[in-house]
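Computed from the coordinates by the stated procedures, all read-outs in this text should not be read as laboratory data. A quick note: this is a predicted structure, and the numbers were derived from the prediction, not measured. We place every Cβ from the backbone using ideal geometry, glycine too, and count neighbours over all the protein chains shown.
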Amino acid sequence: MRLSAVPVVLLAGLVLSGCGFSSNRDRVAAQQPTQETTSSVARSPSPLPAAPMPAANVGTAASQATPPQEMLAWAGPAPGPQAFVPVARTAGMPVPSERPIALLTPQNPAAGAAPRTRAQIYGHRFRDAKPVNFGTRSPRKLAVHGVDVSRWQGDINWAKLRTQGANFAYIKATDGGDHLDPMFKKNWRRAKEAGLKRGAYHFFYWCRTAGEQADWFIRNVPREAGALPPVIDVEWNGESSCKRRPSRERVLEKMQVFMDKLERHYGQRPIIYTAPDFYRDNLKGAFPNHPFWLRSVAAHPSKVYPGRKWLFWQYSGSGLSHGVDGRIDLNVFHGSEDEWHGWVAARSS
């Protein structure tokens, strides 16, 4: 009887053991996460057990309990300061990955306007070996002064001349049909480097054809954007080898041929420079649509050239300035500083 009872006991144990294993397997299966995935979160190939849900309902006393700490998404070590991380560099000038703060702040925040592009206007600081009292209509009351030069001024210090008040310069280029001022190219280049607005002028010979003289000027004076309009200098010159004095009709005809040819080439209407005696003999009432540059060293142009509108006034032939040895012609623009900038801008467009 005792030996036969052993199998019975063993069988009963096995039955009870099977029941316990089945219930444990069900409980484990109930805790495993679902096999579903969402469109935004991919399922891990080795899913971890789901976090236990809190027993309390939302909005009850459980909200007063300390909430469970969230796990950071960053799984690695905390990042250190990036300022000391070595940056890979290539040959040449390094380019920063971000703009320094200093570059984000304008240099002159109070201005709040577009960058200044106008050239600086220097005030009149010239002296005069033979000063003239022009009264209430003194050229000193006008804002923009300048000079005209030729070989006779020698080697000019243009930077110093500009700070003395030379905001523009007219530079002698050619005479007649075969003479080039030996200082023209040097003066033309250095005046620009010093920041002056500059133009070129031609001394007209009455013994050469107008076409020859225009061709000679065009051959020697560059056509450059921003240059001032070309100038035709017409006057009676007793020191010239040409003693001819054509009639008024012939003078106007030759001038027209010369100026038309220059206007076609340079795209700007030439300015007429003249002196009182030549104007009286030939130009009174002529060329109403051309700008004039008038020599008047003893009185205001309105007295010497009544009724004539003018753009430039040559008010002295005995100016003195740092930057030039000897005397120099002094000139002034007929307008305000703003009008000067507007006139120059129209020449540059």
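Averaged over residues, the count of other Cβ atoms within 10 Å places the peptides 285-291, 203-209 in the sequence 203-209, 285-291, highest first.
With a cut-off of 14 Å between beta carbons, the residues surrounding R264 carry a summed charge of 0, where Lys and Arg count +1 and Asp and Glu -1. Would any residue of the range 166-207 have its amide N under 20 Å from a label point 7 Å out along Cα→Cβ of S247? List them or say none. Flagged as within label range: 206-207.
Taking the Kirkwood radius as Rh and the Cα radius of gyration as Rg, the range 202-244 has a ratio of Rg/Rh equal to 1.03.
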